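Here's the structure, in structure tokens; my notes come after.
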Amino acid sequence: MFRQRTLQALRPVHDRLASCRALVGLDGFVDLIVTPVGLRRSQGEDFTAISTIEEFGQRVVAAAGKSTNIELFPRAEKLGGNGPIMANALLAAGLDVTYVGALGLPQIHPVFAPMAARARAISLCSAAHTTALEFTDGKLMLGTMRSLDDITYARICEVMGEDAFHAVLNESSLVALVNWTMIPNMTGILAELAARVLPNLPAAPKRNFFFDLADPEKRSVADLRAALDQISRFQPFGRVTLGLNLKEAQQVTSALDCGTVGEDPKGLQAAAAAIRSKLGISTVVVHPRESAACADATGTSWVPGPVTETPKLTTGAGDHFNAGFTSGQLLGLEPEACLTLGVCSSGHYVRTGESPTLATVETFLANWR
């Protein structure tokens, strides 16, 4: 079984993450997690929630031509954004992390303080804000993100110093640049790195690059193709991985004209392989809610996920998958084991709301039934 194979492969090497350095960026959100109220009985939590996106949508559509009031009951205010959540998960796994992104100005926002205390944190601009409506069948993320317009390559160099930024790039085993969709200048940053910066750094064949698009639905197909082209240009400088959830995989296959995405194991693996072939990169991962698949030079792999029908928190589940998967890559594990670490990291997080240590992931994996 894949679980036993992963445990056997993981045990001799899990201490190696302590020597790995990661550079992660570039977004940053203050997330307000809320539950939409369907029927309130009295104050506090005495209400029936709007439990599904379909039910919420029906409530909104019914208000057309009239108006409505939907109460959002606050659950938590927490650090958010693909980058900070992934960075937190990598820190929990044991990596040495440098985070560069939108963490707040003139001071780092308090929600990022615990991360900043454990990582080297560099803030480029004010944090963006998200109100996350969580349902049993998914989530709606309502964002205010004008501050992310300030994230540019010039701004990174202004805040860090160009030589210092290059030094961090050079010493990092993992460079994770995520949330392309919400950072308008990200394609330009990728182009600058691929064309001018990386060719002048010492060769590092073991360097891992990880990219997460973060739902490109609101961006044009031309923009998406331009970003994917820049991502493919990182391949000469290390191992490039593109991580996609199911919706993102569907958008990418459409933009690249490389077929459709079947939701069964064979369909997910075929989609990952088609995207990988089209882009000419090392690895493509597709992770729907119930499972995960990937394709690399050795072929394709698929594992089921430890799905729970009663998650405590779903916002950030994909970022924890990404942290688990890339941790497996840094440990030199086979793709199947990397996928397993990804789904277990995500599975633990959605049940507890906490980023797991690698030892916790091992325990979760050993107890998975």
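The values are calculated or read from the model by the stated rules, or taken from the named source; none is laboratory data. These figures come from a predicted structure and were not determined experimentally. Positions of Cβ are generated from backbone atoms using ideal geometry, with glycine treated the same way; all protein chains shown enter the neighbour counts.
Out of the stretch 258-315, which residues are part of a loop (DSSP other than H, G, I, E, B), without any contact (Cβ under 8 Å) to a residue 40 or more places away in the chain, among the hydroxyl-bearing types (S, T, Y) and within 25 Å of E362 (Cβ to Cβ)? Of everything in the stretch 258-315, those that are part of a loop (DSSP other than H, G, I, E, B), without any contact (Cβ under 8 Å) to a residue 40 or more places away in the chain, among the hydroxyl-bearing types (S, T, Y) and within 25 Å of E362 (Cβ to Cβ) turn out to be T298, T310. The residue that is surrounded by the fewest Cβ atoms within 10 Å (Cβ to Cβ), counting only those in the stretch 340-367 that are within 16 Å of W302 (Cβ to Cβ) and in contact (Cβ under 8 Å) with a residue 60 or more places away in the chain, is L341. So is A204 among the small types (G, A, S) and in contact with a helix residue (DSSP H, G or I) (Cβ under 8 Å, 6 or more places away or on another chain) or not? Taking the combined requirement at face value, the residue satisfies it.
Among the candidates T315, T298, which residue alone is more than 16 Å from the chain's Cα centre (by Cα) and either polar (S, T, N, Q) or crowded, with 24+ Cβ neighbours inside 10 Å (or both)?
T298 is the lone residue from the list that is more than 16 Å from the chain's Cα centre (by Cα) and either polar (S, T, N, Q) or crowded, with 24+ Cβ neighbours inside 10 Å (or both).
Within the stretch 177-204, residues that are within 12 Å of Y153 (Cα to Cα) reach partners that are of a type in the set (G, A, S) and surrounded by 15 or more Cβ atoms within 10 Å (Cβ to Cβ) with beta carbons closer than 8 Å, at six or more positions or on different chains, in the pairs M186/A227; T187/A226; T187/A227; L190/A227. Considering the stretch 198-237, and only residues there that are at pLDDT 95 or above and of a type in the set (G, A, S), the residue that is surrounded by the most Cβ atoms within 10 Å (Cβ to Cβ) turns out to be A227.
Farther than 22 Å from L213 by Cβ, modelled with pLDDT of 95 or more and surrounded by 24 or more Cβ atoms within 10 Å (Cβ to Cβ), is that true of A292? Answer is no for this residue. Selection of the stretch 85-126 for residues being closer than 21 Å to V168 by Cβ and part of a loop (DSSP other than H, G, I, E, B) yields G94, L95, A102, L103, G104, L105, I108, A119, L124, C125.
For the stretch 9-29, filtering for residues that are crowded, with 16+ Cβ neighbours inside 10 Å and in a helix (DSSP H, G or I) leaves 4. Only residues that are charged (D, E, K, R) and either part of a strand (DSSP E or B) or under 16 Å from V30 (Cα atoms) (or both) were counted in the stretch 142-162, giving 1. Across the stretch 88-141, the qualifying residues are those that are more than 20 Å from V24 (Cβ to Cβ) and of a type in the set (V, I, T), and the one among them that is surrounded by the most Cβ atoms within 10 Å (Cβ to Cβ) is T131.
Number of residues in the stretch 316-326 that are under 15 Å from V361 (Cα atoms) and touching a Ser or Thr at 6+ places or on another chain (Cβ under 8 Å): the value is 7.
A76 falls short on exactly one of the conditions (1) among the hydrophobic types (A, V, I, L, M, F, W, C); (2) surrounded by fewer than 18 Cβ atoms within 10 Å (Cβ to Cβ); (3) within 23 Å of V168 (Cα to Cα); (4) in contact (Cβ under 8 Å) with a residue 24 or more places away in the chain, and that condition is (3). Restricting L90, L174, L95, L124 to those that are in contact (Cβ under 8 Å) with a residue 24 or more places away in the chain and in contact with a Phe, Trp or Tyr (Cβ under 8 Å, 6 or more places away or on another chain) reduces the list to L174.
Considering T48, T35, T6, which residue is outside any helix (DSSP H, G or I), hydroxyl-bearing (S, T, Y) and touching a residue at least 60 places away in the same chain (Cβ under 8 Å)? I'd like the intermediate steps shown before the answer.
Values: T48 fails: touching a residue at least 60 places away in the same chain (Cβ under 8 Å); T6 fails: outside any helix (DSSP H, G or I).
Only one candidate qualifies: T35.
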